[in-house]
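The values are calculated or read from the model by the stated rules, or taken from the named source; none is laboratory data. Since the structure is predicted, the reported quantities are computational estimates derived from the model, not experimental observations. A quick note on method: Cβ atoms are made from the backbone with ideal geometry, for glycine too, and the neighbour counts reach across all protein chains shown. Ligands, DNA and RNA are stripped out before the accessible areas are found, and what is left, the full protein with its side chains, is counted by its heavy atoms. Shrake-Rupley method; radii C 1.70, N 1.55, O 1.52, S 1.80 Å.
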Amino acid sequence: MSTDPPAAEPSALSRRTFVATTVAVGGAVAAGDLVVGPSAFGAEPSTAAETGPSTRVSLVVNGRRLTVVVDNRTSLLDLLREHLGLTGSKKGCNAGACGACTVLVDGRRVNSCLTLAVRLEGAEVTTIEGLAKGERLHPLQQAFIDQDAFQCGFCTPGQIMSGVGCLKEGRTGSAEEIREWMSGNLCRCGCYVKIVRAVEQAARWK
Amino acid sequence: MYPFSYTRVSDLRTAVQAGSDGGRYIAGGTTLVDLMRETVERPGKLVDISALPLREVTATKGGGLRIGALMRMAEVAAHPTVRALYAVISQALELSASAQLRNMATIGGNIMQRTRCTYFRDVTASCNRREPGTGCAAREGFNRTHAILGTSEQCVATHPSDVAVAFAALEATVHLLGPAGERTVAFSDFLLRPDNTPQREQSIRQGELITAVEVPAQPRPLRSGYVKVRDRQSYEFALTSAAVALHVRGGVIQVAKVAAGGVGTVPWKLSAVEQRLIGQRPSEALWTQAAEVAADGAQPLAHNNFKVELLKRTVERQLRVVGGTR
Ligand SMILES: Cc1cc2nc3c(=O)[nH]c(=O)nc-3n(C[C@H](O)[C@H](O)[C@H](O)COP(=O)(O)OP(=O)(O)OC[C@H]3O[C@@H](n4cnc5c(N)ncnc54)[C@H](O)[C@@H]3O)c2cc1C
Ligand code: SF4
Ligand code: FES
Ligand code: FES
């Protein structure tokens, strides 16, 4: 449909560099800023090759406090995937229309592709990587395995995070209710029947 | 996306000051971030208003409602006062977007959202709404989802909001705060038809902030509800929709509030349908007879003629559901 503005040069800092930086920062409170500056271009093509204004943000991701400096244009999804190495959350449409990027922000399920990271000062973010307690899977993760609720798996992290939100919101009274309240997550493989069963299973466990 | 500066405001005065200085308000961001990424919107300065104290629903004297502009769609839909007084508002919201988007998006942002016309969203297409004077690709293009009412030579795009249809039916007012102080605008004057200026979509002025939407009191009991017809069962915009509220006393309809969505360049108030209902006794025949005038004045395009009949049936169905004869 629309033309993407030309992408800028790939940044000097590769994803691997950022992973390393993150691990160093992880757990330590404000041990140093993770600078997520111009590399935002790698994910969010910019019209100009210049660096946009950036902002320092402190947030908690999967229980770890981080301070990052983000180009204001960086979405939470790009922060997670391109800069923190948390590639579980997926980019399907980048426009709020598929749910593959669903994460919890302050306990509520949201589309991380439409969330600007710069707005997350003080926020608590939970992604699919932060759901299990050590080796123990979240009941809904287990239910997805038990019910064989995926094929290619691309939509699955978003489905599960959305399902966790759906369970919290108490919208699991019937298969019909689950279908409606899970409708913000598309599955190209068409696993809907089993996804509903998985949410039902997790609802029974609660 | 073009670069922008970012500031967060926590009081109304600072917000309006920043808005008047050319800042663009961002609430839930679900319309704005999307359109910025498409480079349809190119604000240089974002003003984050999410911390402003506009997060309350209050019942007003006599049973009206005042909904703070920063209330999220999910919060309003679930609010016990809203559910008790205006089921039509709750239903319109719960049939909107997705659970995730409703957790982010606000009421103020919802009534400010821009059209979902695909040509509007595509910066390579000609579009008078996005770039005045460039033409309208939808007129001769794919216009199956476009408007049949309130269109102009310039633009035929629908207004996509669902809850705005409920607000139009209920004759809500929009509360605004600007550099010159507060004012209120009737909902019917807030959203503008395209006419010769499709780029002007709301009668809001530079720097003005929506503080609340107020729904006037209605006689009780009031039965109300919303129906939405779409290409898929959920997570889709309306092809047609209808918001209906009825107050029946002594077996006679005393108050009828009806509006339609998915068909107009703005939420379409159906005064002619209301007139056919008031003073009458609910009956199957009445619903059909009233809905008969729902599409009066329609000007279908090459691909959306089906909306004329669909609109009548949508209104008839919702009159029956709310009127309770079946
Ligand atoms: C995939 C998808 C599906 C959708 N489906 C539906 C649907 O079925 N039905 C429906 O009704 N909607 C639907 N929407 C639209 C959604 O409801 C709107 O995007 C949302 O309500 C906008 O609110 P927001 O708070 O996110 O606004 P923002 O994106 O923050 O702002 C939108 C605009 O409003 C302005 N603004 C925001 N708050 C104020 C204020 N208080 N005062 C003055 N100006 C303000 C901003 O400057 C901006 O111009 C859908 C959206 C998506 C992405
Ligand atoms: S219908 Fe309106 S929004 Fe769509 S292309 Fe034409 S002018 Fe633009
Ligand atoms: S990637 Fe966010 S909704 Fe599709
Ligand atoms: S499992 Fe393939 S998209 Fe859902």
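Against the criterion of being part of a helix (DSSP H, G or I) and within 6 Å of ligand 3 (Cβ to nearest atom), A:Cys98 does not qualify. Remark: A:Leu79 falls outside the filter, which requires a residue to be farther than 20 Å from B:Leu32 by Cβ, touching a residue at least 24 places away in the same chain (Cβ under 8 Å) and among the hydrophobic types (A, V, I, L, M, F, W, C).
The residue that is farthest from the chain's Cα centre (by Cα), counting only those in region B:121-131 that are away from ligand 1 (no atom under 16 Å from the Cβ) and crowded, with 19+ Cβ neighbours inside 10 Å, is B:Ala125. Here are some residues: B:Arg116, B:Arg102. Which one is within 11 Å of chain A (Cβ to nearest Cβ) and either open to solvent by 40 Å² or more (accessible area, probe 1.4 Å) or near ligand 1 (Cβ under 7 Å from one of its atoms) (or both)? Of B:Arg116, B:Arg102, the one residue that is within 11 Å of chain A (Cβ to nearest Cβ) and either open to solvent by 40 Å² or more (accessible area, probe 1.4 Å) or near ligand 1 (Cβ under 7 Å from one of its atoms) (or both) is B:Arg116.
Taking region A:148-206, which residues are open to solvent by 60 Å² or more (accessible area, probe 1.4 Å), more than 21 Å from the chain's Cα centre (by Cα) and within 11 Å of chain B (Cβ to nearest Cβ)? Correct list: A:Glu176, A:Arg179. Scanning region B:156-212 for residues that are more than 16 Å from ligand 2 (Cβ to nearest atom) and of a type in the set (Val, Ile, Thr) yields B:Val163, B:Val165, B:Thr173, B:Val174, B:Thr184, B:Val185, B:Ile204, B:Ile210, B:Thr211.
Among residues of region A:101-130 being at the interface with chain B (Cβ under 9 Å from one of its Cβ atoms) and part of a strand (DSSP E or B), the one that is nearest to the chain's Cα centre (by Cα) is A:Thr102. Do we find a residue being surrounded by fewer than 21 Cβ atoms within 10 Å (Cβ to Cβ), within 14 Å of chain A (Cβ to nearest Cβ) and closer than 30 Å to B:Val213 by Cβ anywhere in region B:132-143? No, there is no match, as no residue in region B:132-143 is surrounded by fewer than 21 Cβ atoms within 10 Å (Cβ to Cβ), within 14 Å of chain A (Cβ to nearest Cβ) and closer than 30 Å to B:Val213 by Cβ.
Scanning region A:101-125 for residues that are within 13 Å of ligand 3 (Cβ to nearest atom) and over 20 Å from B:Met36 (Cβ atoms) turns up A:Thr102, A:Val103, A:Arg109.
Consider region B:8-65 and keep the residues that are assigned to a strand (DSSP E or B) and within 14 Å of chain A (Cβ to nearest Cβ). The one that is farthest from B:Gly207 (Cα to Cα) is B:Arg8. Are any residues in region B:205-221 farther than 30 Å from B:Ile253 by Cα and surrounded by fewer than 19 Cβ atoms within 10 Å (Cβ to Cβ), and if so, which ones? B:Arg205, B:Gln206 - these are the residues of region B:205-221 that are farther than 30 Å from B:Ile253 by Cα and surrounded by fewer than 19 Cβ atoms within 10 Å (Cβ to Cβ). Evaluate region A:121-141: report whether one residue or more is aliphatic (A, V, I, L, M), surrounded by fewer than 19 Cβ atoms within 10 Å (Cβ to Cβ) and in contact with a strand residue (DSSP E or B) (Cβ under 8 Å, 6 or more places away or on another chain). Yes, region A:121-141 contains at least one residue that is aliphatic (A, V, I, L, M), surrounded by fewer than 19 Cβ atoms within 10 Å (Cβ to Cβ) and in contact with a strand residue (DSSP E or B) (Cβ under 8 Å, 6 or more places away or on another chain).
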